[in-house]
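Below is one structure, written out as structure tokens; comments come after it.
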Amino acid sequence: MALGSVLLEILHKPTTGQVLSELLIFAIPLWVAVAIGVLVGWVWKPKWASTLSREMLLDAKQGGEFSVTSLSTMIPSLNILKFQLPSFFWAADGGGIQTDSFSGRRTLNSKCSSSKMEKEKPNLVMEDDLEHLCKLVEVKDGGPAWIQMMDRSTPTMNYQAWRRDPETGPPQYRTRTVFEDATPEMVRDFFWDDEFRAKWDDMLVHAETLEECPTRGTMVVQWVRKFPFFCSDREYIIGRRIWKSGRMYYCVTKGVPCSSVPRRNKPRRVDLYYSSWCIRAVESKRGDGELTACEVMLFHHEDMGIPWEIAKLGVRQGMWGAVKKLEPGLRAYQKHRASAAQLSRSAFMAQINTKVSADHLRSLETSINDSSEIEIRETSEKPVGHNVPKFLVIGGAVALACSLERGLLTKALIFGVARKFAVRRS
């Protein structure tokens, strides 16, 4: 509104010369902001920025993703922050796609190669991964302190989230979710069931089981995550395995190499990926002493190829909205299983667990010497932009976004941050 009133005031000048001179004065700061944004964006470019021109040229030659038609049809469905949330919330379904791009219809391929992993591959998902997850659960992995981001609840779900920034690598997240009236076994199957995710997950478009071990329950799956507009989809090659101690389940999923799936330009593969959780029964918040609730402790980090500082802002703003959509999926899954529907292959594999004793877990805990900390107080980030005019903030953000990756993800997050700063300024 302020910008419109300024323009109207300029247009109401009595002479054409005055109008032109006022418009010129008004435009100079905008061009300064654009120049600063381009300069900052060029200096702060990610590793993959050098491939930008080549990919755009390839898209143009192949009639690729960037087109006016696709742009206009996808704008209404823009959800700025959802595309940056950890993949734990948006797992894949799909398969059977033979083209170079997985951006087509959502399909599912549940074919399994059970013979490929009769002999467990070394360094896939092993005992060391269980030990690392135990350290994370006990907050004794020796990493930086966890800083609380969020503490929210609904009548049937409680949710807490923390973040920390290691010296190297992307931000790491720790969340605690408690679902009322849910068993650990049901929640375990829910997160593993790629076939059912198609009913509640609209972010990922392809899931295929590449390899599996029917004796240990280890799986290698391929996920492709759908990104909007002309940004390349993301591909994940994930190894996963579950350990069981009583009714506690340690579920490890992480990025693994896979020579049988060649690397391609599209979708862009995410190599650094870790998303693991511990599931156990806990007392209901009704206070009746019954273990009718289920706690999920999640630990997640990944490098999708965008600036980490921008990613942190996006996650902070959009995390709760994504979590609220997670519970309806679980409740639908409970009804699905209650209907005596046939168990999917991936859910069946979730029930093949490596058993570990409580004594063994205690021995892992006693071997832990380094301790981390949890800072209960929420982060208080200092507001920025109070002394910067709104049009400079937004203009600089536009230029910065255009000089970074051509994907909408980066642009949307920058625009969201700039809008927030501008609102604070006004």
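With the contact rule set at Cα under 8 Å and sequence spacing of 6 or more, what percent relative contact order holds for segment 140-367?
Once normalised by length, the contact order is 22 percent.
Arrange the peptides 178-189, 131-142 so that the one whose residues have, on average, the most other Cβ atoms within 10 Å appears first.
So the peptides 178-189, 131-142, ranked by packing, come out 178-189, 131-142.
Given H placed on each backbone N at 1.01 Å, which residues far from L210 in sequence or on other chains put an amide H within less than 5 Å of it?
Hits under the 5 Å cutoff: V220, V221, Q222.
State the Kirkwood hydrodynamic radius of segment 140-367 in Å, one decimal place, computed from all pairs of distinct Cα atoms.
By the Kirkwood definition, the hydrodynamic radius is 18.9 Å.
Any chance you could look up the accessible area of L298 with a 1.4 Å probe, heavy atoms only, rounded to 10 Å²?
10 Å²
With a 1.4 Å probe and every protein chain kept in, tell me what percent of the accessible surface of segment 140-367 is carbon plus sulfur.
That share works out to 51 percent.
Report the extension gain between Q351 and L23 in nm, rounded to one decimal, defined as 0.36 nm multiplied by the number of residues separating them, less their alpha carbon distance.
Full extension from Q351 to L23 adds 111.2 nm.
In whole Hz, with x marking every Gly and Pro, tabulate ³J(HN,Hα) for segment 147-162 from phi via Karplus 6.51 cos²θ - 1.76 cosθ + 1.60, θ = phi - 60°.
Using θ = phi - 60°, the values come out as 10, 5, 9, 7, 8, 10, 7, 10, x, 10, 7, 10, 9, 10, 9, 10 Hz.
In square angstrom, rounded to the nearest 10, how much accessible surface does S21 have for a 1.4 Å probe?
50 Å²
Please list R337, R163 in order of solvent-accessible area, largest first, computed with a 1.4 Å probe with all protein chains present.
Accessible-area ranking of R337, R163, largest first: R337, R163.
Working out 0.36 nm times the residue gap between T156 and A332, then minus their Cα-Cα distance, what length gain in nm do you get to one decimal?
In short, 61.9 nm is gained.
Please give the solvent-accessible surface of I147 in Å², to the nearest 10, using a probe radius of 1.4 Å with every protein chain present.
40 Å²
Go ahead and run the numbers for FRET between A358 and R286, Cβ-Cβ distance against an R0 of 25 Å, rounding to 0.05.
With a Förster radius of 25 Å, E is 0.35.
The values are calculated or read from the model by the stated rules, or taken from the named source; none is laboratory data. All values derive from a computational prediction rather than experimental measurement. When we count neighbours, we look across all protein chains shown, and the Cβ atoms used for this are built from the backbone with ideal geometry, even at glycine. Accessible surface is based on the protein model in full, side chains and every heavy atom, while ligands, DNA and RNA are left aside. Shrake-Rupley method; radii C 1.70, N 1.55, O 1.52, S 1.80 Å.
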